[in-house]
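A short write-up of the structure that comes next.
The values are calculated or read from the model by the stated rules, or taken from the named source; none is laboratory data. Because the structure is predicted, anything quoted here is derived from the model rather than measured. Every residue, glycine as well, gets a Cβ built from its backbone with ideal geometry; the counts of neighbours run over all protein chains shown. For accessibility, only protein heavy atoms count, side chains too; no ligands or nucleic acids. Shrake-Rupley method; radii C 1.70, N 1.55, O 1.52, S 1.80 Å.
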Amino acid sequence: MKIVHVVPAVTEESSGPSYSIVHLCESLIAQGQEVTLAALDWAPMVSPPPFLKNFPLGIGPTRLGRSPAMRRWLMSLARSKKVDILHNHGIWQMNAVYPGWAARNGNINMVISPRGALSEWAMRHGSRIKKIFWPMLQKPSFDSATCFHATAESEYEDIRRMGFHQPVTVIPNGIDIPPPKQPLHTEVRTLLFLGRVHRQKGLDILLPAWRAVQDRFPDWRLLVAGSDVGYYGRSGYLDDMRRLALELGLNRIDFAGELRGLAKLQAYQRADLFVLPTYSESFGMTVAEALAAGTPAIVTKGAPWSGLEKIRAGWWIEIGIDPLVACLEDALDRSRDELVEMGMLGRDWMRAEFSWADVARKMADTYRWLSGGAAPAPAWVRTD
């Protein structure tokens, strides 16, 4: 099959969409599919993947993601029937509108991965322009979808809540499994937050919770790794969190900035415990990365990680300061050996259920079903 994936941008970042979509494309290619990844040329890459096709931004606000060149290319591709599946990732920019136009005009099957953008939290927050963009441009484009892709059951529910009745293929992101972590013999133990520093991620929950427990656990420190830089530059939220840490009088807290590559893997492997107190997440790649590295996790119910407690690889808690404080009082009191055992259970879970080969196989089977080459629907496709 000839498949075109469309994303806002691909950067050197090794997490989030820049990680998961590139790896999905690579895995589909390894299984014999012909894949092109179309993206806006936000920033140059040192080593762009060979299947990447960049398009220049057009005139207008960069946040709009307008690219006449991308629009013309997609429309021409669809009209000429040189593509079997269009797969759009994202929302709230013109690059997420063009695939719907092309699919409708060329009668091409289109899959949409909202990537968490349809959650109740996400729809309530953000730019006020959403109230105009949604009914005028985004929803009509999404109406052209043949199928939606959800990374978890909760995202399937978000898609249905927004009124879309098309089939939904529920397939998680995949994850690479690094070498096993080596035991550390340090006096200070580390609670790690790693990810984009954004209000969605719940740092305004984590910092007050740390204030409540820091005196009881003097052998623990909090490491916050991440930046507030997005496609449009810095948001300033990291400075807000640094100020909040000072106002709260936090001790043993470090803001490490963004970590990539080996430095990021080492942060996961050297941590005793990972925490993501998010308000809303369609998947949460950082959780999968931490577990793959052998580190147990505390995650709020804003992310679809109920399996943490079933597997005994961590905690899945309500959103809020008090639930996090209660959980930290339990987790930070655990022995090193107990946390290591939980981390190994999480690592085994990632290896068993989140391999890229399995994710790509399920996605390819979904594409074949949409193209009429397979019946009935695969087991992971929801038609209800």
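Considering the alpha-carbon set of region 41-140 alone, what are its Rg and its Dmax in angstrom?
Gyration radius and largest Cα-Cα distance of region 41-140: 14.4, 40 Å.
Are there chymotrypsin sites (Phe, Trp or Tyr not before Pro) in region 184-240 that DSSP marks as loop and that have at most 13 other Cβ atoms within 10 Å, and which are they?
Tyr232
Run the quick spin-label model on Glu26 and Asp337: label points 7 Å from Cα toward the beta carbon, then report their separation in nm to one decimal.
Here the modelled spin labels are 3.8 nm apart.
Explain nothing, just compute: Karplus ³J(HN,Hα) = 6.51 cos²θ - 1.76 cosθ + 1.60, θ = phi - 60°, for every residue of region 260-271 in order, whole Hz, x for Gly and Pro.
Ordered by residue, 3J(HN,Hα) equals 10, x, 4, 4, 5, 4, 5, 4, 4, 6, 8, 6 Hz.
Roughly how many debye, to the nearest 20, is the charge dipole of region 246-384 about its Cα centre, given +1 on each Lys and Arg Cβ, -1 on each Asp and Glu Cβ, and no other charges?
660 debye
Find the accessible area per residue for region 194-257; the probe is 1.4 Å, ligands and nucleic acids are left out, and the unit is Å².
Accessible area per residue, region 194-257: 46 Å².
Work out which GluC sites (Glu not before Pro) in the chain are exposed loop sites (DSSP not H, G, I, E or B, at most 12 other Cβ within 10 Å) and give the longest gap free of them. Before the final figure, lay out the partial values.
Working: sites that count: Glu187, Glu318.
The longest uninterrupted stretch comes out as 1-186.
Ignoring solvent entirely, what values of log10 I(q)/I(0) come out of the Debye formula for region 28-86 at 0.21, 0.27, 0.28 Å⁻¹ when each Cα is a single scatterer?
Reported log10 I(q)/I(0), two decimals: -0.95, -1.17, -1.19.
Please identify every one of the trypsin sites (Lys or Arg not before Pro) in region 124-197 that sits in a loop by DSSP and has no more than 13 other beta carbons within 10 Å of its own beta carbon. Before the final figure, lay out the partial values.
Values: sites: Arg124, Arg128, Lys130, Lys131, Arg160, Arg161, Lys181, Arg189, Arg196; in loops: Arg128, Lys181, Arg196.
Listed in order of number, the matching sites are Arg128.
Roughly what % antiparallel, to the nearest 5, for the DSSP beta bridges in the chain? Each step should come with its number before you reach the end.
Numbers: 4 of 47 bridges.
Here the antiparallel bridges make up roughly 10 percent for the chain.
If I stretch the segment between Arg72 and Ile177 completely, what's the gain in nm (0.36 nm per residue apart, minus their alpha carbon distance), one decimal?
Using 0.36 nm per residue and subtracting the Cα-Cα distance, I get 33.9 nm.
With all distinct Cα pairs included, what does the Kirkwood hydrodynamic radius of region 298-338 come out to in Å, to one decimal, could you say?
Here the Kirkwood hydrodynamic radius works out to 10.6 Å.
Quick one: how many lysine pairs does the chain have with C-alpha atoms less than 19 Å apart and a gap of 8 or more or different chains? Give me the count, please.
Summing the qualifying lysine pairs gives 12.
For Lys131, project a label point 7 Å along Cα to C-beta. Then give me every residue of region 95-116 with its amide nitrogen under 16 Å of that point.
Nothing falls inside the zone, counting backbone N under 16 Å.
Report the dimensions of region 172-325 along its three principal axes from the alpha-carbon atoms, largest first, rounded to Å.
Reported extents, whole Å, longest axis first: 40, 38, 31.
Just how many % of Cα pairs in region 47-203 lie over 25 Å apart, if you round to the nearest whole percent?
Distances greater than 25 Å cover 43 percent of the Cα pairs.
Starting from 0 in steps of 10 Å, tell me what percent of the Cα-Cα pairs of region 181-225 lands in each bin.
The percentages, shortest bin first, are 24, 48, 26, 3.
Given N residues in region 156-238, what is Rg(Cα) / (2.2 N^0.38 Å)?
Dividing the Cα Rg of region 156-238 by 2.2 N^0.38 Å gives 1.59.
I need the calculated FRET efficiency for the pair Asp358 and Glu309, taking r as the beta carbon distance and R₀ as 35 Å, to the nearest 0.05.
Values: r = 23 Å, r/R0 = 0.66.
In this case the efficiency is close to 0.90.
For the chain, how big is Rg over Rh, using alpha carbon atoms and the Kirkwood form of Rh?
Across the chain, the Cα-based Rg/Rh ratio is 0.97.
Eigenvalues of the Cα gyration tensor times 5, then square-rooted: what semi-axes does that give for region 241-317, in whole angstrom, largest first?
Semi-axes, largest first: 22, 17, 12 Å.
For the chain, what is the mean residue ellipticity at 222 nm derived from helices alone (per DSSP H run of n ≥ 4: -39500 (n - 2.57); sum divided by total residues; nearest 500 deg cm²/dmol)?
It comes out at -11000 deg cm²/dmol, rounded to the nearest 500.
What is the Å³ per residue value for the convex hull set by the Cα atoms of region 272-384?
110 Å³
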